[in-house]
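Let me begin by presenting the structure, written as C-alpha coordinates, before commenting on it.
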Amino acid sequence: MSLNWSISDVVDWKKKQKKDRYTLECLIWATLSIGLGRLNEKTVDEFLYRINRFSVEVGPLAIKRGKPVVWTREMLEPWFGLRTNVARMSNAAFDKHLRKLTGR
(Lines give C-alpha, C1' and ligand atoms only; values in the text may rest on other atoms or scores of the structure.)
Protein backbone atom coordinates (compact mmCIF):
# COMPACT_ATOMS: atom_id res chain seq x y z
CA MET A 1 0.00 0.00 0.00
CA SER A 2 1.30 3.44 -0.85
CA LEU A 3 1.75 6.27 1.62
CA ASN A 4 -0.47 9.14 0.53
CA TRP A 5 -0.22 12.55 2.14
CA SER A 6 -1.66 16.03 1.88
CA ILE A 7 -0.66 19.42 3.21
CA SER A 8 -3.44 21.34 1.48
CA ASP A 9 -4.88 22.29 4.90
CA VAL A 10 -1.52 23.62 6.18
CA VAL A 11 -1.49 27.42 6.25
CA ASP A 12 1.01 28.80 3.69
CA TRP A 13 2.02 25.29 2.77
CA LYS A 14 3.88 26.27 -0.40
CA LYS A 15 6.18 28.65 1.46
CA LYS A 16 6.71 26.21 4.32
CA GLN A 17 7.38 23.29 2.00
CA LYS A 18 10.00 25.30 0.12
CA LYS A 19 11.64 26.57 3.33
CA ASP A 20 11.60 23.38 5.43
CA ARG A 21 11.07 20.32 3.27
CA TYR A 22 13.28 18.25 5.61
CA THR A 23 10.86 18.57 8.56
CA LEU A 24 7.85 17.93 6.34
CA GLU A 25 9.30 14.74 4.88
CA CYS A 26 10.35 13.52 8.31
CA LEU A 27 6.85 14.08 9.72
CA ILE A 28 5.22 12.36 6.75
CA TRP A 29 7.34 9.23 7.20
CA ALA A 30 7.05 9.42 11.00
CA THR A 31 3.29 8.93 10.75
CA LEU A 32 4.00 5.34 9.69
CA SER A 33 6.20 4.68 12.71
CA ILE A 34 3.91 6.25 15.29
CA GLY A 35 0.53 5.20 13.91
CA LEU A 36 -1.04 8.64 13.62
CA GLY A 37 -2.09 9.98 10.26
CA ARG A 38 -3.23 13.45 11.27
CA LEU A 39 -1.39 16.37 12.80
CA ASN A 40 -3.63 19.08 14.21
CA GLU A 41 -4.61 20.82 17.45
CA LYS A 42 -6.49 17.74 18.68
CA THR A 43 -3.70 15.24 17.96
CA VAL A 44 -0.57 17.29 18.66
CA ASP A 45 -0.01 16.08 22.23
CA GLU A 46 -0.30 12.41 21.26
CA PHE A 47 1.80 12.99 18.13
CA LEU A 48 4.50 14.71 20.18
CA TYR A 49 4.50 11.99 22.83
CA ARG A 50 4.72 9.19 20.29
CA ILE A 51 7.36 10.74 18.04
CA ASN A 52 9.67 11.46 21.00
CA ARG A 53 9.04 8.10 22.66
CA PHE A 54 9.79 6.28 19.40
CA SER A 55 12.99 8.30 19.00
CA VAL A 56 14.19 7.39 22.49
CA GLU A 57 13.19 3.73 22.54
CA VAL A 58 13.77 2.66 18.92
CA GLY A 59 16.00 5.31 17.38
CA PRO A 60 15.84 8.93 16.28
CA LEU A 61 13.48 9.76 13.46
CA ALA A 62 15.57 12.82 12.66
CA ILE A 63 19.12 13.97 13.31
CA LYS A 64 20.26 17.56 13.13
CA ARG A 65 23.88 18.64 13.44
CA GLY A 66 24.78 15.10 14.50
CA LYS A 67 22.29 14.96 17.37
CA PRO A 68 18.84 13.34 17.61
CA VAL A 69 16.01 15.83 17.24
CA VAL A 70 13.87 16.29 20.35
CA TRP A 71 10.53 17.35 18.93
CA THR A 72 8.60 20.26 20.45
CA ARG A 73 5.12 21.59 19.92
CA GLU A 74 6.61 24.68 18.29
CA MET A 75 8.24 22.47 15.66
CA LEU A 76 4.95 20.69 14.90
CA GLU A 77 2.51 23.64 14.93
CA PRO A 78 3.52 25.01 11.50
CA TRP A 79 2.50 21.66 10.00
CA PHE A 80 -0.99 21.48 11.51
CA GLY A 81 -3.24 20.16 8.76
CA LEU A 82 -0.83 17.45 7.59
CA ARG A 83 -2.73 14.28 6.70
CA THR A 84 -1.62 10.85 5.60
CA ASN A 85 -3.51 7.65 4.93
CA VAL A 86 -1.97 5.99 8.01
CA ALA A 87 -4.66 4.44 10.21
CA ARG A 88 -4.70 5.50 13.85
CA MET A 89 -2.97 2.96 16.07
CA SER A 90 -4.42 2.63 19.58
CA ASN A 91 -2.17 3.36 22.55
CA ALA A 92 -2.04 -0.35 23.39
CA ALA A 93 -1.11 -1.22 19.80
CA PHE A 94 1.58 1.49 19.82
CA ASP A 95 3.06 0.03 23.02
CA LYS A 96 3.03 -3.44 21.48
CA HIS A 97 4.62 -2.07 18.31
CA LEU A 98 7.49 -0.52 20.30
CA ARG A 99 8.01 -3.67 22.36
CA LYS A 100 8.27 -5.69 19.15
CA LEU A 101 10.75 -3.26 17.59
CA THR A 102 12.94 -3.17 20.69
CA GLY A 103 12.72 -6.88 21.49
CA ARG A 104 11.18 -6.34 24.93
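The values are calculated or read from the model by the stated rules, or taken from the named source; none is laboratory data. Computed from a predicted structure; not experimentally measured. For neighbour counting, all protein chains shown are included, and Cβ atoms are generated from backbone atoms with ideal geometry for every residue, glycine included.
Odds and ends about this structure:
- Checking each residue in the stretch 6-34 for being of a type in the set (A, V, I, L, M, F, W, C), in contact (Cβ under 8 Å) with a residue 40 or more places away in the chain and closer than 22 Å to S90 by Cβ picks out L27, I28, L32, I34.
For every residue, the table says whether it meets (1) among the hydroxyl-bearing types (S, T, Y); (2) free of Cβ contacts under 8 Å to residues at least 40 places away in the same chain; (3) buried (at least 18 other Cβ atoms within 10 Å of the Cβ).
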| position | (1), (2), (3) |
| --- | --- |
| L36 | no, no, yes |
| L39 | no, no, yes |
| I63 | no, yes, no |
| P68 | no, yes, no |
| T72 | yes, yes, no |
| W79 | no, no, yes |
| F94 | no, no, yes |
| L101 | no, no, no |
| R104 | no, yes, no |
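- Applying the condition of being at pLDDT 90 or above and under 16 Å from the mean Cα position of the chain (by Cα) to the stretch 8-24 and asking which residue is farthest from T84 (Cα to Cα) yields Y22.
- S8 being surrounded by 14 or more Cβ atoms within 10 Å (Cβ to Cβ) and among the polar types (S, T, N, Q): no
- Among the residues making up the stretch 1-55, those that are hydrophobic (A, V, I, L, M, F, W, C), outside any helix (DSSP H, G or I) and out of contact with any Phe, Trp or Tyr (no Cβ under 7 Å at 6 or more places or on another chain) are M1, L3, W5, V11.
- Residues that are at pLDDT 95 or above and under 13 Å from L27 (Cβ atoms), drawn from the stretch 53-68: F54, S55
- Answer residue from the stretch 66-104, given it is outside any loop (DSSP other than H, G, I, E, B) and among the hydrophobic types (A, V, I, L, M, F, W, C) and is nearest to L48 (Cα to Cα) among those: L76
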